[in-house]
Amino acid sequence: MDARTILSKVIACLSVLGSLTIAREVLIDKKKRDMVYHRQMLALSLADVTFSIVVFVGGWGASNPGLCKAKAFFSVMSGTPTAMYNTGISVYYFLLICRKLTEQQMRKIQYILLFFPFLWGFGTAMASLFLDLYARGSNGCWINKNPKGCEGDECISGANADLYGFWFVYIPRWVSFCVSFLCMTLVYFNVAKGGEEILEQELPSHPKAAFAAVDEEKEEVEEDENENDAKLKAAKEQELPSRRKAAFAAVDGEKEEVEEDENENDVVQNEHDMLWFLKGGQGQATSASDRARRMAKQAFWYLVTYFNTYFWVTLQQVLKTVGDGSIPYWVRVMVSLTLPSQGIFNCIVYLRPRYLRNREKYPEMSRPAAVFHRDEEDFVLGARQMRSMANLSSNNNTSGHRRQSWVRYPTQWLKTSARAS
């Protein structure tokens, strides 16, 4: 077993671990299980687990025709669906950001996004089995001619195997990539124009919701005051502490500040900022456009992972088909590095929003804890980051407290910081 094979198996194991991490995150959270996006990530992870196991098995048992066909069957059944599930995620983000579909509307098309990739993979795998296309070749057990190098009637099996391989696997993969690229291009320009209004999944803690509740309460108090006579009004004044009115005034001031910030953001967005992707997204950004930018960045990272996974293996197949069948060693190395790696990078991208949010909410939290600590906004796409907690950190540091990493109980750190301030 050479170094390239060992490296491929190690990466496949890490990919399985990453995909199982995503699956666990979805299955243990009821809110995630009910959302189309997280269901797509679960389906993608399960498909990737199957494919990574196939890569890990590699050439073991390839000399046995039955085991070789079984390996090829699961490779075809899971390989193309992983690409299609990636495209489904891009389509989801496109419909959410550009077409402004709600989660309820997404659920009407979720069965297409979830079941079509599986049906395509299973159908093409069964068709290849009935057409006797599976055989051992230079690329292992897959859709190959048998024996290797045969042509026409000399083939025992696998006639037109290369053609079937393109139609069953490579063309669907790259059609999927083109659809993903088109969706992300539209999302990019839509976000650059600043025209996003996410109608679903508004955060419960959104300031506008709080403002509306306070305004409604103010109206009720004012109506009571107008309806009562002067004597009852005086009694009402005694019942309503002055600090309540002060709270209303403070909220009004905060409301004006938020509206001014949103107006400034609208001015900047209307300038068609085409470099928005390179700018940071920290702070208490709660507007729809800020959330759309964070979701768009997340979708782009999935696209990069998709491209990284399938580019080199497609190049290998093209060189094998149009050339003399020889494949440069460096291309084989890149295939070994990238083909089984999707689960790793998908896990990193999936956990990225949580990590960024926790690092900003709890600056004293360790980096590993920031990856695995779930909060109340964990299931929300584009959930805002909360810079306000950073002020507690600065107060804590200036009071001479030693820096600590609260891995399991970040609320304890908050209480300690509050007492110190």
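Quick note: the coordinates plus some simple rules give every number you see, no bench work behind them. All values derive from a computational prediction rather than experimental measurement. All Cβ positions, glycine included, derive from the backbone under ideal geometry; neighbour counts span all protein chains shown.
How much FRET efficiency would the formula 1/(1 + (r/R0)^6) give for Leu163 and Glu103, where r is the Cβ-Cβ distance and R0 is 45 Å, rounded to 0.05?
Computed FRET efficiency for Leu163 and Glu103: 0.60.
Using a basic spin-label model with each label point 7 Å from the Cα along Cα→Cβ, how many nm lie between Phe130 and Phe311?
Result: 3.8 nm between the two label points.
Two decimals is fine: what's Rg over Rh for region 76-138, C-alpha atoms, Kirkwood radius as Rh?
1.17
Counting residues in region 1-76 as N, plug N into 2.2 N^0.38 Å and put the Cα Rg over that result.
1.33
Just the Cα atoms of region 17-127, one point each, no solvent: what log10 I(q)/I(0) does Debye give at q = 0.10, 0.11, 0.16, 0.18 Å⁻¹?
-0.34, -0.41, -0.76, -0.90
Over 26 Å between Cα atoms: which of Lys100/Lys361; Lys9/Lys69; Lys32/Lys361; Lys100/Lys297 fall into that group?
Pairs exceeding 26 Å: Lys100/Lys361.
Along the Cα→Cβ direction, 7 angstrom out, place labels at Asp375 and Phe122. What is the inter-label distance in nm?
In this crude spin-label approximation the distance works out to 4.1 nm.
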